[in-house]
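Remarks on the structure that follows.
The values are calculated or read from the model by the stated rules, or taken from the named source; none is laboratory data. Keep in mind it's a predicted model, so treat the numbers as computed, not measured. Counting neighbours? That spans all protein chains shown, and the Cβs are built from the backbone with ideal geometry, glycine included.
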């Protein structure tokens, strides 16, 4: 039987998802922080006046595409439909009703969102510039999200989650 040998340190291959996460943290998260969002990637929030603005950056299971889901909720605790009272500091995007949520994605698709509409990095391979370029491009679309927060205006890359 042949003996296996390993050389250390062992370098693990970098996946597209890891490369995209690195680019998002370097390009998109600082733009979100500059817009007033705080928190830890992939979940951020912004407190402004009477509202909390929630944002979640979501990837598909294979780690080849992502979208930003965001929503607005009044400040204060939330009484759920099943009677639970959720304090403001524990609120998350999932507590926001669908009509107060939307997604920022590569292309708008009415009131739906399918994987083909998301920001895809499947074909980027190991080219770091492509990942950074996509994250920077998404950062340039953040004004569409701000318009939706302010006026419920669905820009060219915003798909509302509900009617």
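The table for this structure:
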item: Unmet requirement for residue 121, which otherwise passes all of (1) more than 24 Å from residue 45 (Cβ to Cβ); (2) loosely packed, with under 13 Cβ neighbours inside 10 Å; (3) in contact with a strand residue (DSSP E or B) (Cβ under 9 Å, 6 or more places away or on another chain); (4) in contact (Cβ under 8 Å) with a residue 60 or more places away in the chain; result: (2)
item: Single residue of the range 135-154 satisfying the filter (under 18 Å from residue 72 (Cβ atoms) and touching a helix residue (DSSP H, G or I) at 6+ places or on another chain (Cβ under 7 Å)) that is surrounded by the fewest Cβ atoms within 10 Å (Cβ to Cβ); result: 153
item: Residue 130 vs. criteria in contact with a strand residue (DSSP E or B) (Cβ under 7 Å, 6 or more places away or on another chain) and not in a loop (DSSP other than H, G, I, E, B); result: no
item: Sole residue being modelled with pLDDT under 95, in contact with a strand residue (DSSP E or B) (Cβ under 7 Å, 6 or more places away or on another chain) and surrounded by fewer than 19 Cβ atoms within 10 Å (Cβ to Cβ), chosen from 84, 89, 115; result: 115
item: Test: residue 104 is in contact with a helix residue (DSSP H, G or I) (Cβ under 6 Å, 6 or more places away or on another chain) and either under 21 Å from residue 47 (Cβ atoms) or at pLDDT below 95 (or both); result: yes
item: Filter pass, residue 113 being under 19 Å from residue 158 (Cβ atoms), without any contact (Cβ under 8 Å) to a residue 60 or more places away in the chain and outside any strand (DSSP E or B); result: yes
item: Search result, residues across the range 31-44 that are over 22 Å from residue 117 (Cα atoms) and touching a residue at least 24 places away in the same chain (Cβ under 8 Å); result: 31, 35
item: Check on residue 24, at pLDDT 95 or above, surrounded by 11 or more Cβ atoms within 10 Å (Cβ to Cβ) and within 13 Å of the chain's Cα centre (by Cα); result: yes
item: The lone exception for residue 156 - which of (1) in contact (Cβ under 8 Å) with a residue 12 or more places away in the chain; (2) in contact with a strand residue (DSSP E or B) (Cβ under 9 Å, 6 or more places away or on another chain); (3) more than 18 Å from residue 56 (Cβ to Cβ) it fails; result: (2)
item: From the options 144, 122, residue that is assigned to a loop (DSSP other than H, G, I, E, B) and modelled with pLDDT of 90 or more; result: 122
item: Meets criteria (at pLDDT 95 or above, over 19 Å from residue 141 (Cβ atoms), in contact with a strand residue (DSSP E or B) (Cβ under 8 Å, 6 or more places away or on another chain) and surrounded by 16 or more Cβ atoms within 10 Å (Cβ to Cβ)) for residue 38; result: no
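Condition check ((1) in contact with a helix residue (DSSP H, G or I) (Cβ under 6 Å, 6 or more places away or on another chain); (2) outside any helix (DSSP H, G or I); (3) under 18 Å from residue 124 (Cβ atoms)) across all residues:
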| site | (1), (2), (3) |
| --- | --- |
| 25 | no, no, yes |
| 32 | no, no, no |
| 47 | no, yes, no |
| 56 | yes, yes, no |
| 70 | yes, yes, no |
| 73 | no, yes, no |
